Structures are given as C-alpha cells and as structure tokens.
Amino acid sequence: MDYFAYKNQQLFAEDVALEEVAKQFGTPCYVYSKATIERHWHAFNNAAGKQPHLICYAVKANSNLAVLNVMAKLGSGFDIVSGGELQRVLKAGGDAKKVVFSGVGKTAEEIALGLQVGIKCFNVESRSELARINSVAASLGKTAPISIRVNPDVDAKTHPYISTGLKDNKFGVEREQAVEIYKYAASFANLNVVGIDCHIGSQLTDIAPFVDALDILLALIDELAEHGIKIQHLDVGGGLGVTYDNETPPHPDQYTQAIAQRLTGREDLMLIFEPGRAIMANAGVLLTKVEFLKQGAEKNFAIVDAAMNDLIRPSLYSAWQNIIPLNDALPREKALYDIVGPICETGDFLGKGRALAIAPDDYLAVRSAGAYGFVMASNYNSRPRVPEVLIDKDVVHLVRKRETIEQLFENEIIPNN
Ligand code: LLP
C-alpha cells in the first residue's frame with residue numbers, strides 16, 4: 001500500500017496535489033512519500049516478531065540523504081556497497097554499528113573507512129577479499145567483523161541482469177567451498193567471523209527461492225558449528241519484488257514472517273534483511289510533461305521531457321512501469337502512445353503502447369520510480385539531473401535541487417595548448 005492516489009481526479013502524494021509540485025519545481029522531477037517509506041519499513045520490521053532482527057535498507061535503491069534520514073530516524077540499519085554510500089549513511093544520521101558492507105570489489109580505502117567508523121559487518125565475497133580486509137585491519141590495529149556471502153545456486157527466476165544467486169554469477173562463494181573458506185577466514189588474526197549472508201536476486205515475486213536459499217544457509221550454519229565456527233547473524237539479503245503491473249509478490253510482512261518462522265528454535269540467531277526495492281519503489285514517482293504528440297507511420301508518440309537518462313529501467317531491463325495522468329479530469333479521447341524522451345536513441349522510452357487521453361503540456365507520473373530511479377540517472381545528452389521532492393503529509397520538501405548546466409562543466413578542463 002502506498003500514499004499516491006486520486007482525489008477528485010487529481011493525483012495526490014499524501015495530502016499534496018502532484019500538479020502543484022510539477023508547477024512549483026518544474027519537470028522532470030522525482031517525488032517521494034515519507035508515509036509510504038515508513039509504512040514499508042515497518043512492514044518488514046514488525047513482521048519479524050520476537051526473532052532478533054535488523055532491517056538494513058539497501059542504500060543503492062535510493063540514496064538521497066533525506067530518504068536515508070527518514071530511515072535513520074526509524075532506527076534502520078543500512079546495506080552499503082561503497083565508501084560513498086557509507087559516507088551518505090553517516091551524513092544522514094545513520095548508525096555505523098548497524099551498517100553491513102556488501103559488494104565484490106571493496107577497496108583498501110573503503111575497508112579502512114568501514115573499520116574506522118566501526119560498521120557491523122563486512123559481507124565478504126572471496127578469499128582474496130578476506131586477506132585484504134585482514135591486512136587493512138592489522139595495519140589499523142583492529143579486528144574486522146566478517147560474514148561470508150554464500151551463493152546458494154537457486155534460480156530466482158527474475159531478469160538475468162538482476163539475478164545473483166546462480167553458479168555463473170560473480171557473487172558470493174560456492175556452497176561446496178563455503179566450509180573451507182570459513183576455516184580460512186577463522187585462521188586470520190584480525191578477522192572475527194560473525195555472520196553468513198546471501199542475496200539471490202532482485203524483483204522476486206515468489207517466496208520459494210528465498211526459503212530454498214535460507215534452508216541451504218541454515219544447514220551450513222549447523223555444519224560450521226561442528227567445525228567450531230559459531231555464526232551469530234544470518235543475513236538473507238534483499239530482493240523482494242513489488243507490483244509494477246500485475247505481479248503478485250508476497251507482502252513484506254508475509255515474506256518476513258515466512259523467513260522468521262523458519263528460525264524457530266534458533267532464537268539466538270540475529271536475522272538481517274536488506275530490502276531496497278520493496279521499501280522504495282512504490283514510494284516514489286517521476287513527474288514529466290508532454291512536450292509534443294506525434295503521429296508516426298504506425299504509431300503515436302508522446303514526446304515527454306523525461307528520458308532514459310532520468311529513468312533507465314524501461315530501456316535497460318525492458319521494465320514496465322505504469323504511466324498515469326496527474327489530472328484525470330481532462331475530457332479527451334484515449335489513444336495508444338509510446339511514451340518517449342528527447343534523447344537520440346530508439347531505446348529512449350518510458351513506456352510503449354499506453355492508452356492515454358493526453359495533449360501537449362499535460363503532466364504524467366511514471367509510477368514505482370522510487371527505487372533504482374534517480375540513483376541510476378546520468379547526464380547523457382548533457383541533461384542535468386532532476387530535482388527530488390519529499391512529501392510529508394501536506395508539507396513539500398525539496399530534497400535535491402535541479403542540477404545546473406554550470407555544474408555539468410565543473411570538473412572539465414580545456415587544455416591550454
Ligand atoms: N543486497 C544486495 C547485496 C544487493 O545486491 C541488492 C540489490 C539488495 C540487497 C537490494 O535488493 P532489492 O531488495 O532492492 O531487490 N537496478 C536494478 C536492481 C539491481 C539490484 C542490485 N542488488 C533494477 O532497477 O531493477
């Protein structure tokens with residue numbers, strides 16, 4: 001459930017008409033609903049019940065400081081994948097002790113930063129990374145808490161670009177090698193083995209692969225205990241899907257409950273979740289304006305002011321996101337349109353074959369754009385990145401200004417020759 005809805009045929013975010021936001025800040029523009037973020041976060045947090053647990057929001061989904069601050073105030077933990085994300089979490093008021101650090105390519109500098117601020121755990125993906133973390137920790141006179149990301153080899157049945165738990169993916173270590181690698185980890189003087197983790201993919205709409213992966217990890221935890229390695233936390237990663245169109249993923253509370261129930265009898269094991277999309281996707285929309293309507297030989301095009309550089313998911317993953325008018329009261333005929341941007345690529349579209357009743361200057365909202373939207377934006381075609389707005393009931397906060405053309409040139413140098 002989210003707080004984007006029509007009232008008198010005007011699309012609102014909470015108590016604010018989005019057409020007002022579009023007029024005030026211009027388009028394109030991302031808009032997030034604070035109440036929706038909070039609702040989704042609580043759905044995860046409440047459903048884990050008595051099992052000790054920590055929700056580590058996956059910062060990569062949306063890393064605006066204001067968004068992170070909403071979650072920091074709820075007491076959230078964070079899953080990060082770079083030094084930059086760590087600095088964002090700290091800047092937004094997040095607690096370093098609740099940060100887990102994922103990713104296959106952590107640099108020595110990023111590891112040092114994590115150790116200096118005292119993060120909860122490094123989610124390690126290879127033998128060589130173990131050695132690197134140990135040597136950085138030794139040079140700082142510290143002990144690094146680590147978890148090994150195990151690749152359970154289950155098919156998440158999602159888009160191949162966002163499936164991560166199969167044998168031919170670059171992520172994690174093989175189940176068959178996991179015990180050896182844990183023993184290797186335990187042999188380092190400056191590493192402290194505290195956890196186990198996995199992440200099998202993103203936009204999963206079925207609970208079965210999650211449970212299969214969990215069972216593999218639970219069996220491994222028992223096997224490790226036989227080798228004297230005690231695991232304190234189990235991090236199940238993120239990946240829960242959302243409804244973009246007609247998908248019916250389990251709700252966060254159903255998913256969390258199903259996982260937590262599997263841990264009956266293991267009440268000393270802390271459960272960590274790393275949701276990104278399930279919290280943020282439907283907490284945000286991208287506002288755009290129709291510039292021109294154009295009749296092609298076989299199709300109608302609505303050329304809008306947002307493009308693939310602002311929201312790349314449709315172009316990159318053939319993702320379907322709903323596109324709806326901000327003002328649904330305009331008396332017009334519906335027609336089928338491809339909603340395309342001004343970028344010089346055929347792949348620059350936000351949606352295809354959409355039935356809409358539109359005219360130039362009308363505003364549209366691309367729904368489910370709160371996750372992997374702004375964070376994946378680029379300056380392709382020298383287009384400044386768009387503003388972000390956070391709605392809190394009837395209050396409108398600008399949480400990122402529109403980038404200026406001058407900012408685009410800021411770091412460029414014309415050689416003097
Ligand atoms: N944990 C790890 C280690 C991850 O790699 C990811 C996402 C998450 C958690 C959060 O997954 P989520 O709950 O959001 O599914 N750009 C793509 C999605 C890439 C996901 C990468 N990893 C998209 O727009 O669909």
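All of the numbers you see were taken from the coordinates with simple rules; none came from a lab. Fair warning: this is a prediction, and the values are worked out from it, not measured in the lab. For neighbour counting, all protein chains shown are included, and Cβ atoms are generated from backbone atoms with ideal geometry for every residue, glycine included.
Summary table below
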read-out: Distant alpha-carbon pairs in the stretch 272-331 (separation over 18 angstrom), percent; value: 53 percent
read-out: Projected area, mean over directions - the stretch 103-273, Cα convex hull, nm²; value: 10.2 nm²
read-out: Fewest-first sequence of Glu180, Glu110 by Cβ atoms within 10 Å of each Cβ; value: Glu180, Glu110
read-out: Cα shape, the stretch 1-120, gyration tensor, a/c 1.5 rule; value: oblate
read-out: The chain - mean residue ellipticity at 222 nm from DSSP helices (-39,500 (n - 2.57) per run, n ≥ 4, rounded to 500); value: -8500 deg cm²/dmol
read-out: ³J(HN,Hα), Karplus 6.51/-1.76/1.60, whole Hz, each residue of the stretch 337-344, x for Gly, Pro; value: 10, 8, 8, 10, x, x, 6, 7
read-out: Partners for Lys97 among aspartates and glutamates (Cα-Cα distance below 13 Å; same-chain residues under 8 apart left out); value: Asp79
read-out: Long-range HN-HN contacts of Asp197 with modeled amide H, under 5 Å; value: Ile148, Arg149, Val150, Asp235
read-out: On Cα atoms only, tilt of 127-139 relative to the major axis of the chain in degrees; value: 80 degrees
read-out: Peptide ranges 129-137, 191-199 listed from the most packed, as the mean C-beta count within 10 angstrom indicates; value: 191-199, 129-137
read-out: On Cα atoms only, tilt of 108-117 relative to the major axis of the chain in degrees; value: 80 degrees
read-out: The stretch 103-273 - charge dipole about Cα centre, Lys and Arg +1 at Cβ, Asp and Glu -1, debye rounded to 20; value: 620 debye
read-out: Largest to smallest principal axis extent of the C-alpha atoms in the chain, angstrom; value: 71, 62, 42
read-out: Between 0 and 90°, nearest 10: helix 34-47 axis offset from the chain longest Cα axis; value: 30 degrees
